[in-house]
Structure formats: C-alpha cells, structure tokens
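No value in this document is a laboratory result; all are computed from the given coordinates. On a predicted model such as this, the values are computed, not experimentally measured, just so you know. Quick reminder, even Gly has a Cβ in these numbers, built from the backbone with ideal geometry, and neighbours come from all protein chains shown.
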C-alpha cells in the first residue's frame, strides 16, 4: 500500500548526505563552512535577514565594516531556510490539509481521536522534561535554553515511519497509528513556529495581504471557472485554466503571501501555507506514501509531483547549511533536547495514549496493545528535520544553537532504542 522506501530515498537520503557533509566540513574547517553559510548574495531593502544584525555577527568574517542605509542581506542561509524551505513546508501542509478536509482524511472522525490525544502527550512530555531538567540545572541554564522548548517536540515523518515499519512490520496497526500521530505533530509544529518563533517585529496587519492573495487566487482560478462550468459536462473553463495556466497563478499568489509573512514578522518559510488550500484537489486522499497519489491528476497533487525533485535538492542544502556543528559544541542544550525526545516523547505518548484509550474510552486500533504506545513513542523521538529547523529559529547563531542542533542530530539514536524496545515488549511483526 505504501512506498515508504521511495519516499525516504526521494526526500531524506539527500538530506542525510547534506547533514553529514556539513558535520565533516564544520569539524575540518569551521571558518570556511560559516563563510559559505552566511555568504551575502545580495545587499538590498526587499528580502533577507536584518542587515545590522548580519554586520554585527559576520561583518569581520567577510571584511565588511559598513553597509550604509541597506536594511537587508540575502545570505545563502536565508535563501534556503527562509525562502526555499517554504516549498518543503507546503508539501507538509498539503498532507495535513488533505488529512483534515477530505471526507476520508486520516485525521477525521473517531479513528484519529486517540492518535491526536497521543500527539498532545508527545508534545507535553518533551516540553516538561526539557524545561524541568533545565530548571534543575539552575537559573542560568534555564534562562539560556528556555526559548528552545519546542525543539524536542518535533517528529520526522519519513524516518519515523521507516523505523516504525522495521519495528512493527508493514501491516501492523501501530504503523498507521504512528503515521497519524506524525502528521498531527507536523501540523502542531507549523503552528508553534508561526506563533512562538516570529522572525522579526510583529505586524499582524500584513497577514491581510496574504489572506487577500489566497482569496483572490481561489476565487479567480478555482471557484469562478467551476461556477461558470455548472451544467457543462465538458468543463470548458476549468479545463482551460488547468491546461493553460496550471500552477502559475498560485505561485504568484504564493510569492505575495511569502512577502506578507516576512513583513508581518512571522517566519516566511510558512508563507505558502495559506495558498495550499486554494489549489483544486481530489475528492479523496489515499494517504502519505501512497502509490496511488502519483496517479491523481488534480492540480494540488500535480503541483506536489512537480515540486518533488526541487525539494530533494532543497533538503540537501538545508542539511548542508544547518547541520554543520562542531563536536566540541556538545553541551547542556544537547542533552536537554535528547532527554526531551528520548524520555519525554515515549512517556508523553504512552501516558496520553493510555488516557485516551482507557479512561476516555476512545480505544486503540484492533490488534494494537497498550504497550505498543511506548514503542511508538520511542520511534516518534526521531526529531531531525523539523527539530533542526526549530533550533535554527529558536536560538541566535552561536554555541547554544549549535548544541541544540547536535541534540536533534543525535536523536537518530531513537532508531536503535525503538528496535530494542520492540524486542523487549514482544512486538509481533506483521509483514506485508
């Protein structure tokens, strides 16, 4: 039913290659690595990171002492993290949107109730462990790392799903449960980034520009053609818009929405989210990793297919520009992130999942045991991609950010822990 290996090879192997390259580069020649990451592509007043902050942090590295009245610097890091990663988050938003809005979406109805409650536990648990241990280490540590409370809340869908299949087997109901939990976790992660990690001073009124772009493109290129085609079985107008204009109006609206997010102070990598629901979509969803999705001809799935190769390359550069941390930066934030993921995730998912299945009487899927919730929690502790991203926006560049990123990278240890937990709890693999 699912082609998880194809998804992992498409979206994750290049990411890993980029991350490994960054680790090697940063530990061989840290100065040249940071020179590449923060290289100034364009000094301007339209887009980029704050020029004064860049000058203060990296001016000496590039021999730049004065920028005049320039307000922004487009760096290589900004190009990837703030502009091009918007396409990655658009793909994540597409999966969440279909799971919520379509009548057979995976996050609709009672079948999603227990995974949703468990997802809440998978966020409360890591936050509690992270902040609790930080407080135990003293006020100085707590004050330095408190802003990174969301770093250990993330779950990497692709890698967690792959490990889940290795632990439970392809046909085990726990794999489906894990997938629902991971999708819901991604949705919560997008909300957290938007609310708690703005990229600048907030100007919420600018979001009206994003809303206007979304409404305009939906009305003119989605709703109006369908309205004009009522009673016309040939769907002349909709077909013309689909064949002649394709995704271009939505890309233009996305550019406007991205700029509005940047101007509003919200992280611009989320700028395409309001546009995703405006694209014409199929009447049903087959689920992430589903082979059938590649044969859908609606514009939403067609656009996703077109984005696949570019996003692969984007993820390589994301890994290259964000995972370059020196091993000597391992410090308290590293262990706090790891503890949040490796302890808080399993504990939170187990506790909240049990409450949902037992006292709340929402139940578990047939063939799934309560102890399987703990194993699922271990699998979901692989943070990686989104954890890296949150660490990069939660902390300014420097030792604390690097230490937190190292915790996200080391969360791959959850794969081995999950395999061991599966053996110790007597998981019966259901192959298929």
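Oblate is the label for the range 248-407, because the ratio a/c of its alpha-carbon gyration tensor axes (a ≥ b ≥ c) is 1.5 or higher and a/b is not greater than b/c.
From the helices alone, meaning DSSP H stretches of at least four residues, give me the mean residue ellipticity at 222 nm for the chain, per-run term -39500 (n - 2.57), in deg cm²/dmol to the nearest 500. Could you put the intermediate results ahead of the total?
Details: 20 runs with 255 residues, N = 432.
Mean residue ellipticity at 222 nm (helix-derived): -18500 deg cm²/dmol.
Could you grab the relative contact order for the range 127-233? Cα pairs under 8 Å, six or more apart, rounded to a whole percent.
Numbers: 37 pairs, mean separation 19.7, N = 107.
Computed over the range 127-233, the figure is 18 percent.
Fraction of C-alpha pairs exceeding 18 angstrom in the range 80-162: 62 percent, rounded to a whole number. A Gaussian network model of the chain, with springs between Cα atoms under 10 Å, assigns the largest mean-square fluctuation among 241, 141, 64 to 64. Label-to-label distance, residue 21 versus residue 239, with points set 7 angstrom from Cα along the beta-carbon direction: 4.5 nm. For the range 113-196, taking Cα atoms only, Rg and Dmax work out to 15.0, 48 Å respectively.
Arranged from fewest to most other beta-carbon atoms within 10 Å of their beta carbon, 345, 431 become 431, 345. Across the chain, C-alpha contacts under 8 Å between residues 6 or more apart give a mean separation that, scaled by the residue count, equals a relative contact order of 29 percent. Of the residues 366, 334, 216, the one that moves most in a GNM of the chain with alpha-carbon contacts below 10 Å is 366. Tell me whether the range 322-415 comes out rounded, prolate or oblate; compute the Cα gyration tensor, take square roots of the eigenvalues as a ≥ b ≥ c, and use a/c under 1.5 as the rounded threshold. Prolate, because a/c is 1.5 or more and a/b exceeds b/c.
With each label modelled as a point 7 angstrom along the Cα→C-beta vector, the residue 431-residue 203 pair spans 6.0 nm. Springs join every pair of Cα atoms under 10 Å in this Gaussian network model of the chain, and among 49, 199, 139 the largest mean-square fluctuation is at 139. From the Cα gyration tensor of the range 294-350, with a ≥ b ≥ c the square roots of its eigenvalues, which class applies: rounded if a/c is under 1.5, or else prolate if a/b is larger than b/c, or else oblate? It is oblate, given that a/c is not under 1.5 and a/b is not larger than b/c. What the Cβ-Cβ distance of residue 61 and residue 195 gives, at R0 = 41 Å and to the nearest 0.05, is a FRET efficiency of 0.80. Evaluated at q = 0.17, 0.24 Å⁻¹, the base-10 log of the normalised Debye intensity for the range 8-80, with identical point scatterers placed on the Cα atoms, takes the values -0.70, -1.02. Taken as Cα centroids, the range 329-357 and the range 133-155 sit 13 Å apart, rounded to the nearest whole angstrom.
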